[in-house]
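Undergrad: Handing you a structure now.
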Amino acid sequence: MSVRSPLAHASPQSLREAWMALAGLSAVFLFEMLDNSILNVALPTIGHSLHASTVALQWVTGAYAVVFGGLMLAFGAIADRFGRRRVMLVGLVLLGVASLATAFVTTAEQLIAVRVVMGVAAAMTTPGSMALAFRLFEADSLRVRAMTVISTVGMAGLALGPTAGGLVLAIAPWQVLLLVNVPIAGLAILGIRAGIAEDDPADLHRDPVDVLGAVLGTATVLLALAAPTLFVNEGTGSWMPWLAAAAAVVAAILFVRRQLSARHPLLDLKLVARPLVSSGLAYKAASGLATAGLGYLVTLQLQLAWGWSPTLAAIGMLPQVVVLLAGGRFVTPFVERVGLDRAAWLSASAVVLGLAVYALMNSFGYVWVAVALVIEAAGMRVVGAVAGVNVLRGLPKNRSTIGAALVDTATEVTSAVGIAVTGTILAALFTGSIATSNWTARQTAQFQAAATLSGLVVTVVAAALVGWAILRMRGAAEDRKPL
């Protein structure tokens, strides 16, 4: 195998030529997918070891997610100015140091601080992994194949993380679950330094950083992520979620006004309005909504409504896991057959269709739940690769990292909204505590009605996003036709 020199700027003509770079970028995505999935298994053990309260345990995972989601746009803009490779490597070093600090943690507050730093590191590295993979190749077919390889590694971490975490906890302390990030960061650093050339100054830009825009954008995403969680935890009768939602709207309005008036905006909204960019973001948003809503409802149905044990529920999710892991080999042939644009809307539609099948048919038994999971996973396997590629295709080279950050942010925010919508409708229709076992027949019927209604509500919203994106692309195609 040939190793691409970091000083060489010639575009690789095959994945084999770029194997070092792909190994490093796959390690970055593995960290993102593995982190929370493997840590969730250890929360009871962490709570006992650190004498942590329930609220503190929520912040162990929540602090990471909020910081990660909130800072992606800011670091995406910074990377496009000062170098994607450079920001990526700094973030990986920060990740390794923060993970090593886990060995010295003695309180829940210290662990939360470590998780905050890890969230910062994730915001510095995750958007860059997509941007660097896209910039590595010139051919769209290779870009899709590279994204598929990277996402397959991440999906494997997401699927196997809980099982691996449980096995590790049987023989080692919980700190090992975070210390594993150290070798992952080391592998990523080696692969990126050896396989990816230093940033070409021509592919960067030197506009001043819009500090106020960065603050407003971060506040918007932070509040948008916090509000749905508050709606689920506090209920619609509390003032806190409504205040957070209102603050998110105000921050978003101020952010948009700032971007329209700033001489050097953090995010050029004219670029976001381009058909490829806006449609790709809409496909990712629709997929995030549908996937989060389906996952939330299926988990509750299997374990609470049907009384399955956690082990049996994990087995019940296997159809989805199998498709996510095995479906990678079919992505490239499918995209080559139908084209990038058609693959994007077909795959996003499949994700939404999976949720619709669940909403309408889940009361008829597990077979229909499995069918919904398979359809949703098949769509996710494709849209995860092609929608991001389409967004970056529609942007200038010197805006690729913030474009990747937009894709990740759209997924994070809409996933939180999907869970909030389903959780809020469920809370409104279900009497008593949903976490209790041995539901009454009335509670089971209430859950069934809530699952159907919330599933259909999210399906309609997600379908509207997909429909808008299709019309957006068709309108752009009409505009390009000669008179």
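Undergrad: Leaving ligands, DNA and RNA out of it, rank Phe330, Phe75, Phe82 by accessible area with a 1.4 Å probe, largest first. Before the final figure, lay out the partial values.
TA: Values: Phe330 135, Phe75 45, Phe82 100 Å².
The residues order as Phe330, Phe82, Phe75, largest area first.
Undergrad: Within the set of other residues whose C-beta is less than 15 Å from the C-beta of Ala420, count the net charge using Lys and Arg as +1 and Asp and Glu as -1. Walk me through the intermediate numbers first.
TA: Working: positive: none; negative: Glu234, Glu412.
Charge balance in the 15 Å sphere: -2.
Undergrad: Could you work out the local net charge near Leu132, counting Lys and Arg as +1, Asp and Glu as -1, over the other residues with Cβ closer than 9 Å to its Cβ? Provide the component values of the computation, followed by the final result.
TA: On the way: positive: Arg84, Arg85, Arg135; negative: none.
Summing Lys/Arg as +1 and Asp/Glu as -1 gives +3.
Undergrad: Determine the gain in length on full extension of the stretch Arg337-His51; use 0.36 nm per residue of separation and subtract their C-alpha separation, reporting nm with one decimal. Write down the numbers at each step before the final one.
TA: Numbers: separation 286, 0.36 × 286 = 102.96 nm, distance 5.58 nm.
Answer, rounded to one decimal: 97.4 nm.
Undergrad: Starting from the amide H of Gly327, placed 1.01 Å from N in the peptide plane, find each other amide H under 5 Å away whose residue is 5 or more places distant or on another chain.
TA: For Gly327, no residues qualify.
Undergrad: I'd like the Karplus ³J(HN,Hα) series for segment 150-158: coefficients 6.51, -1.76, 1.60, θ = phi - 60°, whole numbers in Hz, and an x wherever there's a Gly or Pro.
TA: 4, 5, 5, 4, x, 4, 4, x, 5
Undergrad: Can you give the relative contact order of the chain as a percent, counting alpha carbon pairs under 8 Å and 6+ residues apart? Display every interim value, and only then the final one.
TA: Working: 780 pairs, mean separation 107.1, N = 483.
Computed value for the chain: 22 percent relative contact order.
Undergrad: Within the P(r) computed for segment 165-324, what percentage of the Cα pairs occupies the region above 20 Å? Let's see the in-between values first.
TA: Values: 9544 of 12720 pairs.
Across segment 165-324, Cα pairs with separations above 20 Å total 75 percent.
Undergrad: Right, here's the next one. For the pair Ala449/Leu167, report the inter-label distance in nm, with labels modelled 7 Å from Cα in the Cβ direction.
TA: 4.6
Undergrad: Here is a further query. If I ignore ligands, DNA and RNA and count only protein heavy atoms, how much of Met361 is accessible to a 1.4 Å probe, in Å² to the nearest 10?
TA: Near enough 50 Å² of accessible area.
Undergrad: Can I ask one more? Suppose accessible area is computed on protein heavy atoms with a 1.4 Å probe; arrange Glu376, Glu17 from highest to lowest. Numbers along the way, then the final one.
TA: Numbers: Glu376 5, Glu17 70 Å².
Ranking Glu376, Glu17 by accessible area, largest first, yields Glu17, Glu376.
Undergrad: Let me ask something else about it. Divide, for segment 214-287, the radius of gyration over alpha carbons by 2.2 N^0.38 Å, where N is the residue count. Mind showing how you got there, number by number?
TA: Values: Rg = 14.6 Å, N = 74, 2.2 N^0.38 = 11.3 Å.
Normalised Rg, Cα atoms only: 1.29.
Undergrad: Using θ = phi - 60° and the Karplus curve 6.51 cos²θ - 1.76 cosθ + 1.60, what whole-Hz ³J(HN,Hα) does each residue of segment 417-429 get, with Gly and Pro shown as x?
TA: Those phi angles translate into 5, x, 5, 5, 5, 5, x, 5, 5, 4, 5, 6, 9 Hz.
Undergrad: First compute the accessible area of the chain with a 1.4 Å probe, then give the percent of it belonging to carbon and sulfur atoms. Provide the component values of the computation, followed by the final result.
TA: Details: 14260 of 20750 Å².
Ligands and nucleic acids excluded, carbon and sulfur give 69 percent.
Undergrad: Rank Arg337, Arg115, Arg258, Arg474 by accessible area, highest first, at a 1.4 Å probe radius? Mind showing how you got there, number by number?
TA: Working: Arg337 205, Arg115 0, Arg258 75, Arg474 145 Å².
The most accessible residue leads, giving Arg337, Arg474, Arg258, Arg115.
Undergrad: Label-point separation (nm) for Phe330 and Ala262, each offset 7 Å from Cα along Cα-to-Cβ?
TA: 4.3
Undergrad: Quick one: Karplus J couplings for segment 439-450, per residue in order, coefficients 6.51, -1.76, 1.60, θ = phi - 60°, nearest Hz, x for Gly and Pro?
TA: Along segment 439-450, the couplings run 5, 6, 4, 5, 5, 4, 5, 5, 4, 4, 5, 5 Hz.
Undergrad: Ok, one more. Using only protein heavy atoms and a 1.4 Å probe, report how much of Arg274 is accessible, in Å² to the nearest 10.
TA: Number for this one is 100 Å².
Undergrad: Dipole of the chain, Cα-centred, from +1 at each Lys and Arg C-beta and -1 at each Asp and Glu C-beta, to the nearest 20 debye? Spell out each step's value before the answer.
TA: Values: 30 positive and 22 negative charges, 168 e Å.
Roughly 800 debye, rounded to the nearest 20.
Undergrad: Okay, moving on. Full extension from Trp308 to Asp207: what is 0.36 nm times the residue separation minus their Cα-Cα distance, to one decimal in nm? Working shown, then result.
TA: Numbers: separation 101, 0.36 × 101 = 36.36 nm, distance 5.56 nm.
That pair, Trp308 and Asp207, stretches by 30.8 nm at full extension.
The values are calculated or read from the model by the stated rules, or taken from the named source; none is laboratory data. These numbers come from a predicted model, not from an experiment. Heads up, the Cβs are rebuilt from the backbone with ideal geometry, glycines too, and the neighbour counts pull from every protein chain shown. Heavy atoms of the whole protein, side chains included, go into the accessibility calculation; ligands, DNA and RNA do not. Shrake-Rupley method; radii C 1.70, N 1.55, O 1.52, S 1.80 Å.
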